[in-house]
Structures are given as structure tokens and as C-alpha cells.
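Each remark here refers to the structure printed beneath this line.
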Amino acid sequence: MLKDDIIDIVHGKIGFSRNEAVKVVELVFDTIKSKLTAGEDVNIVRFGRFRLRNKRERIGRNPKTGKEHTITTRRVLTFKASKKLKEIVNK
């Protein structure tokens with residue numbers, strides 16, 4: 001599913017104009033991005049939780065050459081589906 005598909009659904013089901021649907025979808029995604037950038041978790045009830053985790057520096061290995069190198073610290077985004085979403089998907 002693409003963002004345009006979500007916009008089309010909002011446009012069709014809610015009755016917003018296409019431009020209003022674009023603004024609503026963009027606002028939702030921008031809000032999620034800004035909260036994650038600020039280091040906050042985003043919990044959407046009955047859908048799931050987006051969380052940023054810090055990964056520490058570690059030693060990695062190039063599988064082709066076997067040469068070791070350092071993988072720097074970084075933040076990774078994780079998503080955990082809610083129990084309700086898991087139940088719906090598994091029916």
C-alpha cells in the first residue's frame with residue numbers, strides 16, 4: 001500500500017476533497033515523524049507502537065572478505081503490532 005492509496009481511502013470514505021485528504025494524511029505522518037525525532041514513542045491504540053532504540057557500537061565482519069570493521073552507534077526504529085492487530089491479521 002502506498003501513501004496515495006491511503007489518501008484515496010480518506011478521500012472516498014470520509015468525503016474530504018482530494019486536497020484535504022492529502023493534508024490530513026501528511027499531518028498524521030508528519031506528527032508521527034516529529035514525535036519519533038524528538039525521541040518519543042508513538043503508540044496507536046489497536047494498531048501498534050513505534051519505538052526508537054539506541055544500538056551500541058559493535059564489531060562487524062564483511063562476509064565476503066572476513067575483514068572486521070566497527071559498526072557505529074545508531075538509532076533504529078522498531079514497530080510492535082498490538083495484540084488486536086495480530087488477532088485480526090491471523091484470522
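Nothing in this text is a laboratory measurement; each read-out follows from the coordinates by a stated rule. Being a predicted model, the structure only gives us computed values, none of them experimental. Glycine also receives a Cβ, built like all others from the backbone with ideal geometry; neighbour counts cover every protein chain displayed.
The number of residues in region 73-86 being closer than 14 Å to residue 45 by Cα and either charged (D, E, K, R) or touching a Pro at 6+ places or on another chain (Cβ under 6 Å) (or both) comes to 4. Of 58, 53, 74, all but one fail to be on the phi < 0 side of the Ramachandran plot and surrounded by 10 or more Cβ atoms within 10 Å (Cβ to Cβ); the exception is 74. Checking each residue in region 48-75 for being farther than 16 Å from residue 32 by Cβ and among the hydrophobic types (A, V, I, L, M, F, W, C) picks out 59, 71.
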